[in-house]
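Asker: The structure under discussion is supplied below as structure tokens; questions concerning it will follow.
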Amino acid sequence: MNSSTSSFKTECKVILFVLLSLVLVELYARHLSRGMWDPRQLRALPEQTAQLQGAQPKGVLFLGNSLFRDGLDPEILESTLEKPGRPVLRLAASGTTITDWYYYFRTYFSRKERVPELVVVGFARRHLDDQNRLVPGRLGAYSCEMCDTPEVFSEDITDFGGRVEFFQGMALVSVAHRDWLRHRYLMRVADNYPETQQRVHDDLQLRTQKAVPEAPTYTRLRRFIQTVRESRARLVFVAMPTKHPYAINSEILIAAREAGVPILDCREVPGISRADFKDNVHLTPDGARVFSRYLAKRLEPDAARLAEGR
């Protein structure tokens, strides 16, 4: 009896220690998230998008990931494209791809009747493929609302573990930012972690390129295009510059052409060289200024159509 009682007390202490550790990790994650770029810009969206409120679309939205975050100079874009009653907004969350952008647009714009006139989406390589890795916790935390669950589970997250993580992300910041927290921890305890991580990433990319790739599909891209068009916004895709060249899959070109959506090929920009990249894909501030001027000029015809109400 005494042995059983002692064992039970030990188990209770272990459970209590684990629960306390999880609570502390969650509190720490919530504290850190206040200063993180992605949560800050998502928290600011309701106030920023209030300018778009109304039945008539207005404004310009740049939607993408860290390539847009580092590759766009807000001052240049605003000075070129922003007019009275036509604000310029940017939503560029790290590591996101077409699935995140689809639900971002649904959740923060079309569902709330805060639709921009022009949606500019930046992509590179395989950001538009269905085969991109989904992060269920991030989808649950920032991209979706509870009413999206049936569509998410039928179209995007079909495994039990992913569905559990999706609901966990809705409640727990530590789940939504699990990858970021791991990177932050490793940067503190491991020497030369950023360099090692980049070498591993480059090696994995090289192996993936040598392997026989799975033929990409684009059902999510087509869902996104249809949603934006149904909202009466004009959509433009931008193929972003990277240090190493890449091809645009013909299926992307077909999907865009069938929907009447232009793709601006900015893979090579005059004035941008390999020295203008911080790594393989992200532009330096100088590169971002060159690219932003170039992109603003390429978008001038679309801006003119908006001004004329076409």
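Asker: Roughly what % antiparallel, to the nearest 5, for the DSSP beta bridges in the chain?
Answerer: Around 10 percent antiparallel, to the nearest 5.
Asker: In degrees from 0 to 90, rounded to the nearest 10, what is the angle of the helix 250-259 Cα long axis to the longest principal axis of the chain?
Answerer: Tilt relative to the chain: about 60 degrees.
Asker: Roughly what would the spin-label model give for ASN249 and LYS9, points 7 Å off Cα along C-beta, in nm?
Answerer: Taking the simple label geometry, ASN249 and LYS9 are separated by 6.1 nm.
Asker: Taking a cut-off of 18 Å between Cα atoms, list the aspartates and glutamates near LYS297, but don't count ones fewer than 8 places away on the same chain.
Answerer: Counting by Cα, and skipping residues close in sequence, LYS297 has these aspartates and glutamates nearby: ASP73, GLU75, GLU78, GLU82, GLU117, ASP265, GLU268, ASP286, GLU308.
Asker: Would you kindly state how much longer the chain becomes between GLU113 and ARG188 on full extension, computed as 0.36 nm times their sequence separation minus their alpha carbon distance, in nm to one decimal?
Answerer: Computed gain between GLU113 and ARG188 is 22.7 nm.
Asker: Let me make sure I get this right: for segment 7-51, a, b and c are the square roots of the gyration tensor eigenvalues over alpha carbons, sorted descending. Under 1.5 in a/c it's rounded, otherwise prolate if a/b > b/c, else oblate. Which is it?
Answerer: Because a/c hits 1.5 or more and a/b exceeds b/c, segment 7-51 counts as prolate.
Asker: Subtracting the Cα-Cα distance from 0.36 nm times the residue separation, let me have the gained length for LEU24 to MET146 in nm, one decimal.
Answerer: Full extension from LEU24 to MET146 adds 41.3 nm.
Asker: Can you order the peptides 226-237, 143-154, 264-275 by their average number of other Cβ atoms within 10 Å per residue, highest first?
Answerer: 226-237, 143-154, 264-275
Asker: From the cross-link list LYS58/LYS83; LYS83/LYS278; LYS83/LYS243, which pairs have alpha carbons spaced over 22 Å apart?
Answerer: LYS83/LYS278; LYS83/LYS243
Asker: Might you report the magnitude of the Cβ-based charge dipole of the chain about its Cα centre, with Lys and Arg at +1 and Asp and Glu at -1, to the nearest 20 debye?
Answerer: 340 debye
Asker: Toward the positive end of the charge dipole of segment 1-133, about the Cα centre and with charges on Cβ (Lys, Arg +1; Asp, Glu -1), which of LEU16, LEU32, GLN53 goes farthest?
Answerer: Positive-most Cα among the choices belongs to LEU16.
Values quoted throughout were computed directly from the atomic coordinates according to the rules given, and no laboratory measurement underlies them. Because the structure is a prediction, the values reported are computed rather than measured. All Cβ positions, glycine included, derive from the backbone under ideal geometry; neighbour counts span all protein chains shown.
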